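Here's the structure we're looking at; comments come further down.
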Amino acid sequence: MSLLQINDPSAGPRPIGIDLGTTNSLVAYVSSLGDPIAISDCDGIVLVPSVVHYRGDRSLVVGPRAKELAVDFPEDTIVSVKRFMGRGAEDPETRRMGPYRFASATGPVVRFEVAGRGEVTPVEVSAEILRELKDRAEDELGQVGGAVITVPAYFDDAQRQATKDAARLAGLEVLRLLNEPTAAALAYGLDKKQNGTFVVYDLGGGTFDVTVLVLDDGVFQVKSTGGDSQLGGDDMDRALASKILEALGQAAPSPSFTRYALDAARAIKHALTDSETVTTELSHEGITQPFTITRADFDALIAPLLARTGAACRRALKDADVSAESLDGVILVGGSTRVPAVRAFVAKTFGREPLGDVDPDLVVAMGAALQADMLAGSAKNDVLLLDVLPLSLGVEAMGGVVERILPRNTPIPCEAAQVFTTYADQQTGFELHVVQGERELAVDCRSLARFTLRGIPPMAAGLARLEVRFSVDADGLLHVTAKERTTGLEQKVEVKPSYGLDDATIERMLEEAYEAGESDIEKRSLAEQRVEAERVILATDKALAEDGDLVTEDERTKIDRALTRLREAHAGTSHRILASRIEELEHATHEFAGRRMDRAIRGALRGKDLGAIEDTTKDARGLERAHDRS
Amino acid sequence: MPSPFEILGVEARFDLDLAALEKRYRELSREAHPDAKRSATLGASIDLNAAYRALKDDLSRGRALLEARGVAMGGEERENDPGFLMEVMELREALGDARDAKDLGKVLVLATRVRGFYDASKKALTAAFASSDHAIAKHHLGRLRYYRRFLDEVDVIQEENELA
């Protein structure tokens, strides 16, 4: 916490908006002037990689440092955890390319085996990301109030519930679960003050949403939504990673190779946004292989994925009863919409160029912050969001057929009642299987929960009239109540969720988190500083080995002393001491680093034409800096 | 319980201006949605949403209008005219064949034909409601339901085809 507190402490807790993304997450708030502002770290970076690294000493690291550790600790570093939210262990989605150790092959929830913790669930991993965002917000704002957390519009009930559970675990009060495309439209619409019918095409790291909505003087009415909660940039990476593993001759890749291939694929995908061809050298664990790919090759790889988004787009337009020609604009959201083939596909599908003045990474969090501000009561805008149920809700009837209770795209909040009866004399209990999805058979839909009704007064078969009420709240979450109509008795409903954690487990986790409390924050800072120390020590040793001749004797003494002091601090338990020693070492090596940079650039320029330099540095980090100097 | 027409404050007729209905729904949401007005109840918002949904759709609007006029539906509307049922059966058979043969062109031709039938029945329904001829209205509601199901199946086939 800085000594200079910019915010007025009497202002009280500030509501926040959180975009909990597959790849990156971020937190935003609304300033006293009414503008949404994304919170950045001390380096001015707003995106927090949604990566959690677990260490043997029970500590953990979240964000950019965790991301760096993923290659060396692929099994203990959970990347893209959002894809596992609300899913069962045997779900095919959890078995796709990835380096993880799973604790069990069956059960209602995925469990990762990680260092120091034994097993963790996706809810706990997500809670760590949310906690990190909450900490950032507290550093910036002092006190944090309630939070609006965004979810893909196409998330089903189990995935929404899991997200809410994660927020509770992170100690956040959830004001609302807001659909990502709606959040984006809110931020865009309020900024441009434009009315009309818009489509939001949101292709993120792991999920795809398409939403058709009408903006009418501050009312944002969602007309339809569609998508695929298992489709995103990760799938592009996987397709490309398969090619990379093939090139490296890895038919049965180790976790480390898998992580390397996925990371390399992502880097190449990014490079292909600006270049027609990428030539690079794949190199991992002693295997080296040149690799060239053109944008056309890549476009062909991802074409099947884009076709899937096209089908969802057409269905959303149809459900909204809107033609592509009558649209006033197409808003692109999500990092994956930077891929040129995606933009071209969207332009073709909707017959118009998408709007270019939206930051696809920030707009969702901005919208969430605006909504949080409104719900917390300090609204300066006369704005209202009207959203819909993304997937039909139904119950399993005789023969395994789904009886639809609330169809998709029903405006929420909504409610429907259904009357059931007993089929045996003196029957006092009744079980209902609730499913979500568009398919005709229950086995093809997502099983949400089994609701058991008890305490029905004993009567002859067929006499009891059980009225079961299904309500969906503004978060898109389902609640079930039941009443016996002849007696008017309210029935007890026991819920057994098909996926995710039951209430008792969440309560236990909450208690544990509460007990751990403060010491967790200390532990986390220490873990982060240790990781940073290890990185700095390694880099310094390597630099000295390579370019030791560039150091004066006096400098060398200082560097060695700083190294020793840092190693001592690394063995200790104070993250503050560790941080200051890291700074000490960086200070001691500062001029040496400058000389190394000069040498590297001279080396690159010698005897090579500019094109060759471009090629060798294309994927290198710090490319811009190197150019500035030359 | 007020009728959906009363909740939305629109005239109880079949040929509603749907764009105006939608606008009205948004205006009323400013009063009924708990996010907009602290005093609003969840129930009011749920009722408004249900009423809007009922009036937006031809079939459910027709049912709501019959009910508002005190005409009992007597369960789900059915069209029992043998000639009509025979025609629908043949259409569905043709659709099934086209689906199996993966002949999307044929599917689309059938869809266009049925859409024509749908529009014709809807026109007849509008006239029946206008002249309060509720027996005829029920017949045409029954027809709309069959045509609707047929067109839903066309959607499914189209989606299958797109993803294949």
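Just so you know, all these numbers are worked out from the coordinates, no wet-lab data involved. Remember, predicted model here, so these are calculated numbers, not experimental data. Virtual Cβ from ideal backbone geometry, glycine too; neighbours counted across all protein chains shown.
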query: At a Förster radius of 30 Å, what calculated FRET efficiency corresponds to the Cβ-Cβ distance of A:Glu138 and B:Thr41, to the nearest 0.05?
result: 0.30
- prompt: Using a ≥ b ≥ c from the Cα gyration tensor of region A:393-501 (square roots of the eigenvalues), is it rounded, prolate or oblate, where a/c under 1.5 gives rounded and otherwise the larger of a/b and b/c decides, a/b for prolate?
  reply: prolate
- prompt: Exposure proxy check: A:Ser525, B:Ser121 ranked by fewest other beta carbons within 10 Å?
  reply: A:Ser525, B:Ser121
statement: Length gained if A:Arg556 through A:Gln426 is fully extended, taking 0.36 nm per residue and subtracting the Cα-Cα distance, is 37.9 nm
Placed amide H near A:Leu448: partners under 5 Å, 5+ positions off or other chain: A:Val434, A:Val435, A:Gln436
- request: Just report the Cα centroid separation between region B:5-81 and region A:397-427, whole Å.
  value: 21 Å
field: Angle between chain A longest axis and helix A:233-247 axis [Cα atoms, degrees, rounded to 10]
entry: 50 degrees
message: Test of understanding: extend the Cα→C-beta vector of B:Lys23 to 7 Å, then name every residue of region A:169-203 with backbone N under 20 Å from that spot.
response: A:193-198
- prompt: Residue by residue through region A:298-315, which ³J(HN,Hα) values in whole Hz follow from phi under the Karplus form 6.51 cos²θ - 1.76 cosθ + 1.60 (θ = phi - 60°), with glycine and proline marked x?
  reply: 5, 4, 5, 4, 9, 3, x, 5, 5, 4, 5, 5, x, 4, 5, 5, 5, 5
task: Return the sequence-ordered ³J(HN,Hα) values of region A:215-227 in whole Hz as given by the Karplus equation 6.51 cos²θ - 1.76 cosθ + 1.60 applied to θ = phi - 60°, using x for Gly and Pro.
output: 9, 9, 6, x, 9, 10, 9, 6, 9, 7, 9, x, x
query: Residue-wise, which Karplus ³J(HN,Hα) couplings in Hz belong to region A:156-161, taking 6.51 cos²θ - 1.76 cosθ + 1.60, θ = phi - 60°, and x for glycine or proline?
result: 7, 4, 5, 5, 5, 4
query: Angle between the Cα long axis of helix A:122-141 and the longest principal axis of chain A, 0 to 90 degrees, nearest 10?
result: 70 degrees
task: In whole angstrom, note down how far apart the Cα centers of region A:239-278 and region A:21-57 are.
output: 27 Å
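Once R0 is set to 30 Å, what does the formula 1/(1 + (r/R0)^6) return for the Cβ-Cβ distance between A:Thr573 and A:Thr505, expressed as a FRET efficiency to the nearest 0.05? Intermediate values should be presented prior to the final figure.
Details: r = 32 Å, r/R0 = 1.06.
It comes to 0.40.
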- prompt: What are the residues whose amide H is under 5 Å from the amide H of A:Gln491, where those residues sit 5 or more places off or on another chain and H is modelled from the backbone?
  reply: A:Ala482, A:Lys483, A:Glu484
- prompt: When the helices in chain A are scored as -39500 (n - 2.57) per DSSP H run of 4 or longer and the sum is shared across all residues, what 222 nm value do you end up with, to the nearest 500 deg cm²/dmol?
  reply: -13000 deg cm²/dmol
statement: Residues A:Ser126, A:Ser31, A:Ser471 in order from fewest to most other beta-carbon atoms within 10 Å are A:Ser31, A:Ser471, A:Ser126
- request: Kindly count the pairs of lysines across region B:1-157 whose alpha carbons are less than 17 Å apart, treating pairs on different chains or eight or more residues apart as eligible.
  value: 5
- prompt: Shape call for chain A from the C-alpha gyration tensor, a ≥ b ≥ c root eigenvalues: rounded (a/c under 1.5), prolate (a/b greater than b/c) or oblate?
  reply: prolate
query: For B:Lys106 and A:Gln289, what is the calculated FRET efficiency with R₀ set at 56 Å and r taken between the beta-carbons, to the nearest 0.05?
result: 0.65
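Among the helices of chain B (complete DSSP H runs), which have Cα atoms covering no less than 24 Å along the helix axis and a Kyte-Doolittle mean of at least -0.5?
B:82-100, B:104-130
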field: Residues with amide H under 5 Å from that of A:Val174, placed H, sequence gap 5 or more
entry: A:Ala147
task: Working from Cα positions, state the angle (0 to 90°, nearest 10) between the long axis of helix A:255-274 and the longest principal axis of chain A.
output: 90 degrees
- request: When a/c is below 1.5 the answer is rounded, else prolate if a/b is larger than b/c, else oblate, so apply that to region A:125-230 with a ≥ b ≥ c taken from the square roots of the Cα gyration tensor eigenvalues.
  value: oblate
